[in-house]
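Accompanying notes for the structure given below.
The values are calculated or read from the model by the stated rules, or taken from the named source; none is laboratory data. Note that the coordinates shown come from a computational prediction; the quantities given were computed from them, not determined experimentally. A quick note on method: Cβ atoms are made from the backbone with ideal geometry, for glycine too, and the neighbour counts reach across all protein chains shown.
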């Protein structure tokens with residue numbers, strides 16, 4: 001069987017894991033190289049073990065574990081409030097979703113009602129988080145294709161958003177803002193005006209990025225047709241978020257199963273049809289615009305007074321009744337979920353964090369890498385938008 | 001309706017509606033794979049959100065939970081399947097979802113549950129050269145492991161937050177908050 005036939009047989013069947021014939025490594029025809037764990041093209045510390053024939057990848061194995069700190073096990077031995085310092089570290093560029101879902105799971109099991117103002121503040125916080133994360137992703141994607149101007153712009157703009165986070169929560173990266181029952185603080189005075197200014201800057205920047213990056217001939221030539229996700233892979237691999245929406249799949253938890261106050265906000269689910277790295281990028285670019293718009297809507301509609309925290313007992317005395325729940329939210333990469341089991345004590349019995357990178361970065365990546373040119377592997381990896389810490393937790 | 005049929009055909013038990021969009025059920029180990037296949041093929045539960053495990057050491061079982069999602073119904077269905085803690089083994093579902101083998105490989109490493117036939121199930125996932133008890137089991141003592149592996153560093157002490165705060169807030173009453 002020739003190499004191209006082998007690749008074809010793998011691509012035709014979504015459940016084909018192994019090469020039909022093992023590669024004869026002693027023949028001298030193939031070279032094995034490692035991409036990562038430290039590499040600017042990979043979004044975080046994980047590595048790809050690549051087997052090359054010339055400059056084409058014929059086999060890919062992923063290796064994770066470089067960031068394994070056993071978060072889920074750690075949480076079983078800490079009180080509910082102590083865990084807040086743990087959860088936000090599970091997805092470094094996007095910690096707010098961990099805070100929200102952890103708090104939401106506790107509220108769900110305890111039957112706690114959250115004041116409306118707190119829900120608005122949470123929605124605003126999550127959208128700001130999405131904006132900051134998309135800004136970082138655009139920079140990463142552009143950098144892996146050799147366009148180094150855009151990352152400088154987006155990382156600077158992300159810093160403005162981090163300034164807003166600092167004002168709102170006291171922290172730039174790890175906020176620990178959304179606690180069970182509500183949020184820790186209301187917005188500081190004059191926050192809305194300052195946030196609108198940052199949104200205006202971000203809006204202008206997105207238009208420039210569209211011109212410089214998405215209309216760039218080099219970027220187009222390399223990203224179009226890279227890492228095509230065919231429709232039969234979507235459910236077989238559990239593909240969610242912009243990776244699925246880039247294939248025309250109209251699924252978005254914010255719309256399909258609205259949480260917080262997303263049912264009161266005006267937005268559409270953004271899709272594209274190219275199914276490749278370029279169209280996944282386009283979806284994310286449009287969703288960045290959408291986040292800016294949603295932040296403006298939140299600031300406009302949000303009540304400026306009222307309770308932002310439900311009446312809660314002393315944090316050192318929290319006991320959550322026995323129960324079980326699974327809560328989820330749409331992060332920048334798709335369905336992010338927390339599965340929690342409690343047994344009525346001061347400690348959680350089990351937490352499982354469901355991160356979208358788990359499927360995107362391992363099984364899907366191993367599948368899409370085959371047949372790709374070695375020069376495009378970093379771009380392919382970033383186009384799937386993966387964060388390794390949420391894989392190994 | 002669906003749950004009634006499943007009760008009749010598969011003998012599911014412990015049906016609990018956890019919230020408006022999520023229900024959990026329990027099924028016997030030998031019927032588990034068949035039930036999951038039926039839900040995926042006939043009932044529209046096409047999305048596998050995750051596979052996880054809860055260690056019920058007091059009952060001597062591992063409860064494996066398969067979280068399925070239906071995009072049509074917009075509902076999650078958690079299926080609990082209990083396996084014996086002594087010789088844990090479960091039917092592999094890697095033929096149903098192409099990402100399932102990753103979860104199974106993780107459960108093999110973290111809990112020691114075997115999934116015969118699952119691709120690369122015995123390969124290391126996160127841990128390299130691990131020769132101890134699978135670390136996510138309840139009886140794995142992280143403190144003891146860390147003390148043995150890394151030793152004590154001078155100048156580092158940890159306090160129980162509750163006792164510390166009591167002593168700080170109520171010093172005149174000997175830390176008695178009453």
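Observations on the model:
- Residue A:281 meets the conditions (1) within 13 Å of another protein chain (Cβ to nearest Cβ); (2) farther than 30 Å from residue A:192 by Cβ; (3) touching a helix residue (DSSP H, G or I) at 6+ places or on another chain (Cβ under 7 Å) in every case but one. The failed one is (1).
- Test: residue in the range A:160-178 that is touching a residue at least 12 places away in the same chain (Cβ under 8 Å) and within 22 Å of residue A:378 (Cβ to Cβ): no
- When each of A:162, A:147 is tested for being touching a helix residue (DSSP H, G or I) at 6+ places or on another chain (Cβ under 7 Å) and not in a loop (DSSP other than H, G, I, E, B), the lone residue that passes is A:162.
- Scanning the range B:95-145 for residues that are more than 30 Å from residue B:34 (Cβ to Cβ) and either more than 9 Å from chain A (Cβ to nearest Cβ) or touching a residue at least 60 places away in the same chain (Cβ under 8 Å) (or both) gives B:129, B:130, B:131, B:132, B:133, B:139, B:141, B:144, B:145.
- Flag if residue A:300 is at pLDDT 90 or above, farther than 23 Å from residue A:139 by Cβ and surrounded by 24 or more Cβ atoms within 10 Å (Cβ to Cβ): no
- Within the range A:220-247, if we keep just the residues that are more than 10 Å from chain B (Cβ to nearest Cβ), buried (at least 18 other Cβ atoms within 10 Å of the Cβ) and outside any helix (DSSP H, G or I), the residue that is nearest to the chain's Cα centre (by Cα) turns out to be A:241.
- Qualifying residue in the range A:205-219 (condition: under 30 Å from residue A:306 (Cβ atoms) and either exposed (fewer than 13 other Cβ atoms within 10 Å of the Cβ) or in the same structural domain as residue A:107 (by TED's automatic domain parsing) (or both)): no
- Contact map, the range A:312-325: residues that are more than 19 Å from residue A:85 (Cα to Cα) paired with residues that are surrounded by fewer than 13 Cβ atoms within 10 Å (Cβ to Cβ), Cβ distance under 6 Å, separation 6+ or inter-chain. Pairs shown: A:321/A:344; A:322/A:344.
- Selection within the range B:98-119: residues that are in a loop (DSSP other than H, G, I, E, B) and touching a helix residue (DSSP H, G or I) at 6+ places or on another chain (Cβ under 6 Å). The member of this set that is surrounded by the fewest Cβ atoms within 10 Å (Cβ to Cβ) is B:119.
- Scan of the range A:55-74 for residues that are in contact with a helix residue (DSSP H, G or I) (Cβ under 6 Å, 6 or more places away or on another chain), surrounded by fewer than 19 Cβ atoms within 10 Å (Cβ to Cβ) and in a loop (DSSP other than H, G, I, E, B), ordered by number: A:55, A:65, A:68
Conditions (1) in the same structural domain as residue A:369 (by TED's automatic domain parsing); (2) crowded, with 17+ Cβ neighbours inside 10 Å; (3) in contact with a helix residue (DSSP H, G or I) (Cβ under 8 Å, 6 or more places away or on another chain), marked per residue:
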| position | (1), (2), (3) |
| --- | --- |
| A:53 | no, no, yes |
| A:76 | yes, yes, no |
| A:86 | yes, yes, yes |
| A:90 | yes, yes, yes |
| A:109 | yes, yes, no |
| A:115 | yes, yes, no |
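- Qualifying residue in the range A:300-311 (condition: more than 24 Å from residue A:115 (Cα to Cα), out of contact with any strand residue (DSSP E or B) (no Cβ under 8 Å at 6 or more places or on another chain), in contact (Cβ under 8 Å) with a residue 60 or more places away in the chain and assigned by TED's automatic domain parsing to the domain that holds residue A:270): no
- Residue A:250 being at pLDDT 90 or above, outside any loop (DSSP other than H, G, I, E, B), within 14 Å of another protein chain (Cβ to nearest Cβ) and under 20 Å from the mean Cα position of the chain (by Cα): no
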